[in-house]
Amino acid sequence: MARVFLCVLDSVGCGGAPDAARYSDEGANTLLHIAEACAAGGAEDGRSGALKVPNLDALGLGAAITLASGKVAPGFSVVSPIGRWGAAQEVSAGKDTQSGHWELAGVPVTRDWHYFPWTIPAFPAELMAELIVRTGIPGTLANCHASGTEVIDAFGLEHIATGKPIVYTSADSVVQVAAHEGHFGLGRLLETCRVAAELFHPLNVGRIIARPFVGDAPGDFTRTANRKDFAIAPPDGTICGRVVAAGGAVHAVGKIGDIFAMKSITDVSKGKDDMALFDHVLGWTDKAAPGDLVFANFIEFDSLWGHRRNVSGYARALEAFDARLPELTGRMRDGDSLIITADHGNDPTWTGTDHTRERVPVLATGPGMEPRELGIMPFAGVAELVAAHLALCR
């Protein structure tokens, strides 16, 4: 009757990566620094006091932080977790979403992605010219590195007035295209991104991301849940493929289907925010069959709070997830395993707006599962935890 619920808390790192200095991230530690800021009264917007995540801590989150980084986070316990706990270390060269998820699924990224320079414009002129010709758009705006919400506020009105989509990138290997659902049209945006994928994927750009938004003015512009990623497909051998080959189903929640280009993904559930995604995971506790994998990504830790370097918001998000965790653990059936991990760090106390190279926590629990330390494993060790629980053969 085995089933696995794999929840990736996007960017919830715990420091200690031995190669962090290579990425200018030596000392970064998302969870530790949030806990320290909360304990010092530095995260009082919409919440107050020490970071309160007792359910995650009981599973071994505090112990995982200490294992990964050698540091004790204020208010966390490091003894007697009731779950299995450890930390994972990435071997892929990137510290991006796609590399992290593929490696968690068992296939480290061995080829470097293409990243765009920190120049304006950031994109090759010949490819942008071809994009304009092939899609019939009147031009593009931004053409730079940018935060998604900030670039929409900066260029949204001009976009509406001119019909030019907003095109930008980040520290990930991505081309992001933002356009207004009403004025530009969702279908037209998706077609623009499909053409962009044909142009940029040959450069080994990992994803083209459609970023639809609504609203009438800066401050009112809001990205919708109709985001779509046009991703390069992962190699064979992911845990998703192994589950499907064994006759199970992979139920993707959030952007998992996009990250894996729908390869070996059975179905997708999306929602307007992380709490809606949590509801979908709860729903799968009733619907998933033996042998199935429910694979969820909770994006808002990263997209709303890490990149914006908002410690209070990140703390609120952690506390909100933790408060709902008993709903999920309380619905686990005999034979179920819940695994909670992350794909990289995004320390909101760090400089810049980029992801941070960190180890990530690995927490596992389920009915009858004996607590024990898992130690420090490669990211791909998470896939092997899933495979072992579902008795999948290589």
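Side notes on the structure shown:
- Residue within the range 210-228 that is under 20 Å from TYR115 (Cβ atoms) and in a loop (DSSP other than H, G, I, E, B) present: no
- The range 179-209: number of residues that are in a loop (DSSP other than H, G, I, E, B) and touching a Ser or Thr at 6+ places or on another chain (Cβ under 6 Å): 2
- Qualifying positions in the range 196-252 - hydroxyl-bearing (Ser, Thr, Tyr) and free of Cβ contacts under 8 Å to residues at least 12 places away in the same chain: THR222
- When LEU59, LEU31 are checked against the criterion of being touching a strand residue (DSSP E or B) at 6+ places or on another chain (Cβ under 7 Å) and of a type outside the set (Gly, Ala, Ser), LEU59 stands alone in meeting it.
- Evaluated against (1) of a type outside the set (A, V, I, L, M, F, W, C); (2) surrounded by fewer than 16 Cβ atoms within 10 Å (Cβ to Cβ); (3) in contact with a helix residue (DSSP H, G or I) (Cβ under 8 Å, 6 or more places away or on another chain); (4) in a helix (DSSP H, G or I), THR285 falls short on exactly one condition, (2).
- Test for ARG211: is it touching a strand residue (DSSP E or B) at 6+ places or on another chain (Cβ under 6 Å) and at pLDDT below 95: no
- Residue, modelled with the lowest pLDDT, within the range 166-208, restricted to residues that are among the basic types (Lys, Arg) and under 23 Å from the mean Cα position of the chain (by Cα): ARG207
- The residues of the range 337-394 that are part of a loop (DSSP other than H, G, I, E, B) and of a type in the set (A, V, I, L, M, F, W, C), listed by number, are ALA342, TRP350, MET369, PHE379, ALA391, LEU392, CYS393.
- Hits in the range 239-270 (condition: in a loop (DSSP other than H, G, I, E, B) and touching a Phe, Trp or Tyr at 6+ places or on another chain (Cβ under 7 Å)): GLY254
- Residue count for the range 203-222, restricted to those that are crowded, with 18+ Cβ neighbours inside 10 Å, under 18 Å from GLU300 (Cα atoms) and of a type outside the set (A, V, I, L, M, F, W, C): 2
- Residue match in the range 374-384 (condition: surrounded by fewer than 23 Cβ atoms within 10 Å (Cβ to Cβ) and closer than 16 Å to LEU56 by Cβ): yes
- Sub-7 Å Cβ pairs linking a first residue in the range 106-129 that is in contact (Cβ under 8 Å) with a residue 12 or more places away in the chain to a second residue that is outside any loop (DSSP other than H, G, I, E, B) and among the hydroxyl-bearing types (Ser, Thr, Tyr), at least 6 apart or interchain, are VAL109/SER99; PHE116/THR169; ALA122/THR169, ordered by first then second residue.
- Taken over the range 152-178, residues that are closer than 21 Å to GLY206 by Cα and either assigned to a helix (DSSP H, G or I) or among the aliphatic types (A, V, I, L, M) (or both) amount to 7.
The values are calculated or read from the model by the stated rules, or taken from the named source; none is laboratory data. Owing to the predicted nature of the structure, the values given are computational and were not obtained by experimental measurement. Counting neighbours? That spans all protein chains shown, and the Cβs are built from the backbone with ideal geometry, glycine included.
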